[in-house]
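This report concerns only the one structure given below.
The values are calculated or read from the model by the stated rules, or taken from the named source; none is laboratory data. Note that the coordinates shown come from a computational prediction; the quantities given were computed from them, not determined experimentally. Here the Cβ is made from the backbone with ideal geometry for all residues, glycine too, and neighbour counts use every protein chain on show.
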Amino acid sequence: MTTRSIERLVEGQFVSDGAGVRLRRIIGTPQADYLDPFLMLDEFRTDEADDYIAGFPDHPHRGFETVTYMIHGRMRHQDSVGNSGVLSDGAVQWMTAGRGIIHSEMPEQTNGLLWGYQLWVNLPSALKMSSPQYQDIPTNDVVEVETDGLKIRVLAGNYAGHPATADTLTPIAYFDASLDAQCNFTHPVPDGHTVLLYVYDGSVQIGGDGSGEISPGTLAILSRAGDIDVTAGEGGGKFLLLTGEPINEPVARMGPFVMTTEEEIHQAVRDYQAGTLA
Ligand code: FE
């Protein structure tokens, strides 16, 4: 059996976004710009209210999907056509921006700590102008698989015959994995698919390649062929795992708009200015 090895390790970078929210950008940086089909991954993890309380006031999106996953704390969202809700500890929201959404996302404290992730998944050009939609999955509806020393929350895709509650337009898998000390996790992925692993607690080792332990705050970009094979370190290991089929199309990107051509970006700006985006 071939197992994937580490192609590259990338450290997340602290940046400021929204109305002054301090976050760690893991994908969408000069070092990890576009890991097809993944456009962006941000980590909010702080107990300083000033880092996030200004939130993300009204802003548009077009051409991709956002996935918000709260581990601790709440995110209140509201869009320009009346949809609203609150995501709380352990919940996932899948938002297909499609042709356009204008919304706000405002973090709220739970005992001071805010800890969550927002992922942006690209859409193929044929689906970029599809109808906007939401899939809100409260924590109790997130599929969880627990075996010896292993807990996998299936946020998207399918783990060992357990499909996620959410449907994804771009075929991806997104797992939140918790491994006890020295426990081993394996998962098959078609050759050619992108595989990314972000460690957020403890440490892990990839495959049997003796490449050393990966510590929190680091994204591992894995090679293109074989199964995924991860072993936790002495103190256990927790990580987000992303796998996806590359879309292999040009990307034209400007802030919250991600399209295939520059002309489509100009059109998105015109639609937003004319009030016809959403
Ligand atoms: Fe947004």
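A compact table of results
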{"read-out": "Any hit, the range 189-198, residues being of a type in the set (D, E) and not in a helix (DSSP H, G or I)", "value": "yes"}
{"read-out": "Identity of the residue in the range 52-66, out of contact with any Gly (no Cβ under 7 Å at 6 or more places or on another chain) and not in a strand (DSSP E or B), that ends up surrounded by the fewest Cβ atoms within 10 Å (Cβ to Cβ)", "value": "I53"}
{"read-out": "Single condition T96 does not satisfy, out of (1) among the hydroxyl-bearing types (S, T, Y); (2) free of Cβ contacts under 8 Å to residues at least 12 places away in the same chain; (3) within 16 Å of the ligand (Cβ to nearest atom)", "value": "(2)"}
{"read-out": "Set A164, A177, A126: member being surrounded by fewer than 21 Cβ atoms within 10 Å (Cβ to Cβ) and not hydroxyl-bearing (S, T, Y)", "value": "A126"}
{"read-out": "The range 190-201 residues that are without any contact (Cβ under 8 Å) to a residue 12 or more places away in the chain, paired with ones that are surrounded by fewer than 18 Cβ atoms within 10 Å (Cβ to Cβ) and acidic (D, E) (beta carbon under 8 Å, 6 or more apart)", "value": "none"}
{"read-out": "Matching residues in the range 100-123 - criterion: being in a loop (DSSP other than H, G, I, E, B) and either within 18 Å of A166 (Cβ to Cβ) or free of Cβ contacts under 8 Å to residues at least 60 places away in the same chain (or both)", "value": "N111, L123"}
{"read-out": "Single condition D33 does not satisfy, out of (1) under 18 Å from the mean Cα position of the chain (by Cα); (2) surrounded by fewer than 17 Cβ atoms within 10 Å (Cβ to Cβ); (3) among the charged types (D, E, K, R); (4) within 16 Å of the ligand (Cβ to nearest atom)", "value": "(4)"}
{"read-out": "Test: residue in the range 6-23 that is within 25 Å of V199 (Cβ to Cβ), crowded, with 20+ Cβ neighbours inside 10 Å, under 18 Å from the mean Cα position of the chain (by Cα) and within 14 Å of the ligand (Cβ to nearest atom)", "value": "yes"}
{"read-out": "Matching residues in the range 50-66 - criterion: being among the hydroxyl-bearing types (S, T, Y) and away from the ligand (no atom under 12 Å from the Cβ)", "value": "Y52"}
{"read-out": "Residue match in the range 94-112 (condition: in contact with a helix residue (DSSP H, G or I) (Cβ under 7 Å, 6 or more places away or on another chain) and under 15 Å from P138 (Cα atoms))", "value": "no"}
{"read-out": "Residue that is nearest to the ligand (Cβ to nearest atom) [pool: residues in the range 67-89 that are at pLDDT below 95 and either within 26 Å of S125 (Cβ to Cβ) or part of a loop (DSSP other than H, G, I, E, B) (or both)]", "value": "D79"}
{"read-out": "Meets criteria (more than 16 Å from the chain's Cα centre (by Cα), surrounded by fewer than 16 Cβ atoms within 10 Å (Cβ to Cβ) and more than 26 Å from G207 (Cβ to Cβ)) for D191", "value": "no"}
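Conditions (1) over 15 Å from the mean Cα position of the chain (by Cα); (2) within 16 Å of the ligand (Cβ to nearest atom); (3) among the aliphatic types (A, V, I, L, M), marked per residue:
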site	(1), (2), (3)
N111	yes, no, no
L123	no, yes, yes
M129	yes, no, yes
D167	no, no, no
Y174	no, no, no
